[in-house]
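Remarks on the structure that follows.
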């Protein structure tokens, strides 16, 4: 069974978040949490919270789920709305500043095989 968690309107550019997300794709949940804790990227904190939320969703929806067998099946980052700001420049000009946002989605699933008896 697949379990999903979404983080919307993260105030970080999708390019920066994808650097973090690519490190945990396909990993076990415990290993992914360890990677995110040790990462020096600022976006790793938000992705770690999202991963914990996805695990909590799995426990809440299915009481018999084994958290040790969960893995990150799919994770992707989409661009959100861009805030457009203007910064004054010399000689009466203006420079545009784009503050990009992201939508992050994590899907967890249980590993097949290695049934416990």
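Here is a list: 68, 46. Which entry is closer than 17 Å to residue 10 by Cα and touching a helix residue (DSSP H, G or I) at 6+ places or on another chain (Cβ under 9 Å)?
Result: 46 is the single residue among 68, 46 that is closer than 17 Å to residue 10 by Cα and touching a helix residue (DSSP H, G or I) at 6+ places or on another chain (Cβ under 9 Å).
Name every residue in the range 32-43 that is surrounded by fewer than 19 Cβ atoms within 10 Å (Cβ to Cβ), in a helix (DSSP H, G or I) and either at positive phi or touching a helix residue (DSSP H, G or I) at 6+ places or on another chain (Cβ under 7 Å) (or both), in order of residue number.
33, 35, 37
Does the range 102-117 hold any residues that are closer than 30 Å to residue 35 by Cβ, surrounded by fewer than 17 Cβ atoms within 10 Å (Cβ to Cβ) and more than 13 Å from the chain's Cα centre (by Cα), and which are they? Write out each step before concluding.
Restricting attention to the range 102-117, the residues satisfying the condition of being closer than 30 Å to residue 35 by Cβ are 102-116.
Still in the list and also surrounded by fewer than 17 Cβ atoms within 10 Å (Cβ to Cβ): 107, 109, 111-116.
Matches in the range 102-117: 109, 111, 112, 113, 114, 115, 116.
Has the range 19-28 got at least one residue that is loosely packed, with under 13 Cβ neighbours inside 10 Å, farther than 25 Å from residue 113 by Cβ, free of Cβ contacts under 8 Å to residues at least 60 places away in the same chain and more than 13 Å from the chain's Cα centre (by Cα)?
Looking for residues that are loosely packed, with under 13 Cβ neighbours inside 10 Å, farther than 25 Å from residue 113 by Cβ, free of Cβ contacts under 8 Å to residues at least 60 places away in the same chain and more than 13 Å from the chain's Cα centre (by Cα), one finds none in the range 19-28, hence no.
Are any residues in the range 45-96 assigned to a loop (DSSP other than H, G, I, E, B), under 20 Å from the mean Cα position of the chain (by Cα) and touching a residue at least 24 places away in the same chain (Cβ under 8 Å), and if so, which ones?
80, 81
Taking the range 6-31, which residues are part of a helix (DSSP H, G or I) and within 16 Å of residue 101 (Cβ to Cβ)?
The answer is 14, 15, 16, 17, 18, 20, 21.
Throughout, read-outs are computed from the coordinates displayed, never taken from laboratory work. Keep in mind the model is a prediction, meaning the values are calculated, not measured. All Cβ positions, even for glycine, are placed from backbone atoms using ideal geometry, and neighbour counts span all protein chains on display.
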